[in-house]
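Read the figures in this text as sums done on the coordinates, not as results from a lab. Keep in mind that what you see is a predicted model, and the values were worked out from it rather than measured. We place every Cβ from the backbone using ideal geometry, glycine too, and count neighbours over all the protein chains shown.
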Amino acid sequence: MHLAGGETYGSGMKIGLALLPAILGPAAAFNFWRGVKAFAAIKRGDKEIGRWTVTAADLAEFAAVDDDRNAHGGVYRNVWPRPRDLPATGLEIIFAADAVLVDDTYYALVTTGLFKFTAVGMLVDCAPSIEFVTVTTSVRGGRSISVRSAVAALRLPVSRSAGADSAAARVIDHFRRVLAREIIVNPGFYRRRMRIGLIGAPVCFAIALIGYLLDGDGLPDIMLGLGILIGGAMLILGLVAWRLRQAQLRKP
């Protein structure tokens, strides 16, 4: 812009393209930081429901049952991939109020959203294990947009060490109460997103209006386009969060 003596279409496009990583970069870094904090909180024992360490013998016993159920496919397929090499200290499984951390793999255990569970139980026919029935919702594009749900299982071994049985029983009882809406986990999750959407939408639409009033090429066009695009996304975020909040509180 300085060399051209003013704003040009090319400079406006460059600014617009630079805005995307400028916005998405800090958002991704913030999301990663929150993920690191969530991992640390679970390992520290915040809101812990149960914890045990799976030994090589436990995992080998569980593998036979897991392979047998996986062979049926569909709803029996385990979404947790067993590790090829067990850590020397064993495999630590930690259940929190709304999630489970299996070594370094995290699964949210909630009743709403794109990944949720609809049932939980204990398998005791051979190697003891906990099994959640999970539903993963995905949106696919193409000639027409379609929403698909895939039902599978999250099956995890229970250690035979002392105290693991009582910890597993606490886990089963807790998540059955979550399903019955006797316990609402992370009640502020959707409220925060509703607030972000309801505040962000008018701000972005105001930016779009300023771009429209400037009535020029380059940066005003970018402000208009991005303001409408991001404002619309914020509005949808607020509405979806409100619907999911209602589903979170609704009795089954």
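Worth a mention:
- Using 0.36 nm per residue and subtracting the Cα-Cα separation, the extra length available between Thr53 and Phe115 on full extension is 19.8 nm.
- Spin-label pair Met13/Leu209, simplified geometry with 7 Å Cα→Cβ offset, distance in nm: 3.1
- Our helix-only sum for the chain, with -39,500 (n - 2.57) per DSSP H run of n ≥ 4 divided by its residues, gives a mean residue ellipticity at 222 nm of -17500 deg cm²/dmol.
- Between Asp46 and Arg84, the contour length at 0.36 nm per residue exceeds the alpha carbon distance by 10.8 nm.
- Proximity of backbone amide H atoms, modeled 1.01 Å from N, is registered between Val120 and Val133 at under 5 Å, excluding neighbours fewer than 5 places apart on the same chain.
- Per residue, the average separation of C-alpha pairs within less than 8 Å and at least 6 apart gives the chain a relative contact order of 19 percent.
- Proximal aspartates and glutamates to Lys116, defined as alpha-carbon separation beneath 14 angstrom and excluding residues fewer than eight positions away on the same chain: Asp98, Glu131
- Here region 43-161 is treated with +1 on each Lys and Arg Cβ and -1 on each Asp and Glu Cβ, and its dipole about the Cα centre works out to around 600 debye.
- Of all aspartates and glutamates in the structure, the ones whose alpha carbon falls short of 12 Å from that of Lys43, not counting any fewer than 8 places away in one chain, are Glu92, Asp103, Asp104.
- Extension gain for Val240 to Ala180 (0.36 nm times residue separation, less C-alpha to C-alpha distance): 19.4 nm.
- Region 47-179, relative contact order [Cα under 8 Å, separation at least 6], %: 29
- Taking all Cα pairs closer than 8 Å and separated by 6 or more residues, the relative contact order of region 68-141 comes to 16 percent.
- Cβ-based exposure ranking for Met234, Met122, in which fewest neighbours within 10 Å come first: Met122, Met234
- Dipole magnitude of the chain about its Cα centre (Cβ charges: Lys, Arg +1; Asp, Glu -1), debye to nearest 20: 800
- Membrane-span-like helices in the chain, defined purely by DSSP H runs whose alpha carbon atoms cover 27 Å or more axially and whose average Kyte-Doolittle hydropathy reaches 0.5, are 9-44, 189-214, 219-249.
- Label assignment, P(r) over Cα pairs in 10 Å bins from 0, in percent derived from the structure, set [x] 6, 25, 30, 25, 12, 1; [y] 6, 22, 27, 19, 13, 8, 4, 0; [z] 9, 34, 27, 16, 9, 4, 0: [y]
- Aspartates and glutamates whose Cα lies under 20 Å from that of Lys14, excluding same-chain neighbours fewer than 8 positions away: Asp215, Asp217, Asp221
- Comparing Pro187, Pro220, Pro83 in a Gaussian network model of the chain, where Cα atoms under 10 Å apart are tied by springs, the biggest mean-square fluctuation is seen for Pro83.
- Dipole in debye (nearest 20) - region 187-252, about Cα centre, beta carbon charges: Lys, Arg +1; Asp, Glu -1: 940
- Residue ranges 27-40, 97-110 sort as 97-110, 27-40 when ordered by packing (mean number of other C-beta atoms within 10 Å per residue, highest first).
- Positive end of the dipole of the chain (Cβ unit charges, origin at the Cα centre): among Val240, Phe39, Ile222, the Cα lying farthest that way belongs to Val240.
- Result for the chain in a Gaussian network model with C-alpha springs under 10 Å: among Gly113, Gly74, Gly238, the largest mean-square fluctuation is at Gly74.
- Which of Leu154, Thr136, Val65, positive extreme of dipole for region 47-179 (C-beta unit charges): Thr136
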